[in-house]
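Have a look at the structure below, then the notes.
The values are calculated or read from the model by the stated rules, or taken from the named source; none is laboratory data. What you see is a predicted model, and the numbers here were worked out from it, not measured in a lab. All Cβ positions, glycine included, derive from the backbone under ideal geometry; neighbour counts span all protein chains shown. Ligands, DNA and RNA are excluded from the accessible area calculation, which covers all protein heavy atoms including side chains. Shrake-Rupley method; radii C 1.70, N 1.55, O 1.52, S 1.80 Å.
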Amino acid sequence: MLLTRYQRIMLAAFIFLMAADFTISSYGVLFLPGFTEANALFARFMAYPLTFIAVVGVTKFLVIAGIIAATVWFNRREREDDPWHGGTILCSTAAVGMGVMMLVLVVGNLFFF
């Protein structure tokens, strides 16, 4: 098995959150004149909306593919019953980290702007 059930759930949550972030950023750059990008690496592309969307989209896709590839790599090299299984830690950290980042961005935008 390439991915455990738990890893698939965590990856699905991570992909959903990445897609939501991508959708929000794309909508913002296209339709909201006061929109700013929090990530300094992507902010420099704001003057060119389609380039911005392409760069952000490709980057998010590569991150998702990399996390899946790393999880599969860990799964092939470690025992599944290991409590510190690298693939499970990687999937959990990605999903929780993205969830916290989205929560901070949403709360920050609702209450401070």
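Please work out if residue 37 is touching a residue at least 12 places away in the same chain (Cβ under 8 Å) and open to solvent by 90 Å² or more (accessible area, probe 1.4 Å).
no
Quick one: residue 66 ticks every box in (1) modelled with pLDDT of 95 or more; (2) closer than 20 Å to residue 99 by Cβ; (3) in contact with a helix residue (DSSP H, G or I) (Cβ under 9 Å, 6 or more places away or on another chain) except a single one, so which number is it?
Only one criterion is unmet by residue 66, namely (3).
Which residues, counting only those in the stretch 71-113, are farther than 23 Å from residue 32 by Cβ, surrounded by fewer than 13 Cβ atoms within 10 Å (Cβ to Cβ) and either in contact with a Lys or Arg (Cβ under 6 Å, 6 or more places away or on another chain) or not aromatic (Phe, Trp, Tyr) (or both)?
If the condition is that a residue be farther than 23 Å from residue 32 by Cβ, surrounded by fewer than 13 Cβ atoms within 10 Å (Cβ to Cβ) and either in contact with a Lys or Arg (Cβ under 6 Å, 6 or more places away or on another chain) or not aromatic (Phe, Trp, Tyr) (or both), then 76, 77, 79, 80, 81, 82, 83, 97, 100 are the ones that fit.
Can you find a residue that is within 17 Å of residue 23 (Cα to Cα), in contact with a Ser or Thr (Cβ under 9 Å, 6 or more places away or on another chain) and at pLDDT 95 or above anywhere in the stretch 87-97?
no
What helices (runs of 4 or more DSSP H) completely inside the stretch 1-85 contain at least 3 residues that are β-branched (Val, Ile, Thr) and under 25 Å from residue 108 (Cα atoms)?
5-31, 49-77
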